[in-house]
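Q: The structure under discussion is supplied below as structure tokens; questions concerning it will follow.
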Amino acid sequence: MESTTPLIPATDDIDTGGFFDAARRGQLAIRLCNRCDAVLHMPRAYCHYCGSWDGRWQPVAGTGSVYSWTVVEHQVHPSYPVPYTVVLVELDDYPAARLIGRLPGRQDLAPGQPMRVWFETIDDVAVPQWRLA
Ligand SMILES: [Zn+2]
């Protein structure tokens, strides 16, 4: 029997825990290096630009624009019926950070369309998602 439990990210990981802590508070945050101010996304504790372990979680506006997308037509998990659209969003205030989200159906998107974050709650875990602004 196939599981219909949605996929839940690990929230106690050293690299990504702060991302989900912020999401639980309804805040989108990205990881920045305190030494060189590099954007460390995907989130990670270690800065591979300067070698520092000293970083911080920076709250961001939660707005961005469509950078890219794809429509998933082949179902890979029973909790995510097809079709759906996976979107890559470039943040307005930190364009070096691009976050993914899942939108229902086949979305008619265009590069640069404004997007806004929202938080999907899955088994008490808040997961940032995106919708057209
Ligand atoms: Zn650095």
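The values are calculated or read from the model by the stated rules, or taken from the named source; none is laboratory data. A quick note: this is a predicted structure, and the numbers were derived from the prediction, not measured. Backbone-built Cβ (ideal geometry, glycine too); neighbour counts: all protein chains shown.
Q: Residues of region 3-47 being within 19 Å of residue 91 (Cα to Cα), aromatic (Phe, Trp, Tyr) and within 16 Å of the ligand (Cβ to nearest atom), which ones?
A: none
Q: Working only within region 48-83, note down all residues that are aromatic (Phe, Trp, Tyr), part of a loop (DSSP other than H, G, I, E, B) and more than 10 Å from the ligand (Cβ to nearest atom). Give the steps one after another, and end with the answer.
A: Narrowing region 48-83 to residues aromatic (Phe, Trp, Tyr): 49, 53, 57, 67, 69, 80.
Going one step further and asking which of them are part of a loop (DSSP other than H, G, I, E, B), we end up with 49, 53, 80.
Residue satisfying the conditions is 80 alone.
Q: Here's something else I'd like to know. Determine which member of the set 89, 76, 39 is surrounded by 13 or more Cβ atoms within 10 Å (Cβ to Cβ), among the hydrophobic types (A, V, I, L, M, F, W, C) and farther than 18 Å from residue 18 by Cβ. Before you say what the answer is, go through the steps one by one.
A: Numbers: 76 fails: surrounded by 13 or more Cβ atoms within 10 Å (Cβ to Cβ); 39 fails: farther than 18 Å from residue 18 by Cβ.
After applying the criteria, what remains is 89.
Q: Under 13 Å from the mean Cα position of the chain (by Cα) and in contact (Cβ under 8 Å) with a residue 24 or more places away in the chain: does that describe residue 55?
A: No; evaluated as a whole, the condition is false for this residue.
Q: Could you give every pair whose Cβ atoms fall below 7 Å, whose first residue belongs to region 90-113 and is closer than 24 Å to residue 32 by Cα, and whose second residue is outside any loop (DSSP other than H, G, I, E, B) and acidic (Asp, Glu), counting only separations of at least 6 or pairs across chains?
A: These pairs meet every condition: 98/90.
Q: Given (1) of a type outside the set (Ser, Thr, Tyr); (2) under 12 Å from residue 128 (Cβ atoms); (3) in contact with an Asp or Glu (Cβ under 8 Å, 6 or more places away or on another chain), where does residue 35 come up short, assuming only one miss?
A: (2)
Q: Out of 100, 122, report the one residue that is closer than 18 Å to residue 23 by Cβ, within 17 Å of the chain's Cα centre (by Cα), surrounded by fewer than 16 Cβ atoms within 10 Å (Cβ to Cβ) and at pLDDT below 95.
A: On the way: 100 fails: at pLDDT below 95.
Every option except 122 fails the conditions.
Q: Do the conditions hold for residue 14, that is, is it surrounded by 13 or more Cβ atoms within 10 Å (Cβ to Cβ) and either among the aliphatic types (A, V, I, L, M) or on the phi > 0 side of the Ramachandran plot (or both)?
A: On the way: surrounded by 13 or more Cβ atoms within 10 Å (Cβ to Cβ): no; either among the aliphatic types (A, V, I, L, M) or on the phi > 0 side of the Ramachandran plot (or both): yes.
So residue 14 fails the test.
Q: Condition first: closer than 19 Å to residue 10 by Cα and either modelled with pLDDT of 95 or more or basic (Lys, Arg) (or both). Can you find one or more residues in region 63-81 that meet it?
A: Looking only at region 63-81, we keep the residues that are closer than 19 Å to residue 10 by Cα, and these are 77, 79-80.
Adding the requirement that they be either modelled with pLDDT of 95 or more or basic (Lys, Arg) (or both) leaves none.
Within region 63-81, not a single residue is closer than 19 Å to residue 10 by Cα and either modelled with pLDDT of 95 or more or basic (Lys, Arg) (or both).
Q: Among the residues of region 64-79 satisfying the criterion of being over 14 Å from the mean Cα position of the chain (by Cα) and in contact (Cβ under 8 Å) with a residue 60 or more places away in the chain, which is nearest to residue 6 (Cα to Cα)? Even if it seems obvious, please write down each step before you answer.
A: Keep residues of region 64-79 that are over 14 Å from the mean Cα position of the chain (by Cα), which gives 70-79.
After this cut, where a residue has to be in contact (Cβ under 8 Å) with a residue 60 or more places away in the chain as well, the list is 77-79.
Details: 77: 8, 78: 8, 79: 5 Å.
Result: 79.
Q: Related question: Looking at 23, 61, 45, which one is within 19 Å of the chain's Cα centre (by Cα), without any contact (Cβ under 8 Å) to a residue 40 or more places away in the chain and under 16 Å from residue 119 (Cα atoms)?
A: Details: 23 fails: without any contact (Cβ under 8 Å) to a residue 40 or more places away in the chain; 45 fails: under 16 Å from residue 119 (Cα atoms).
Exactly one residue qualifies, and that residue is 61.
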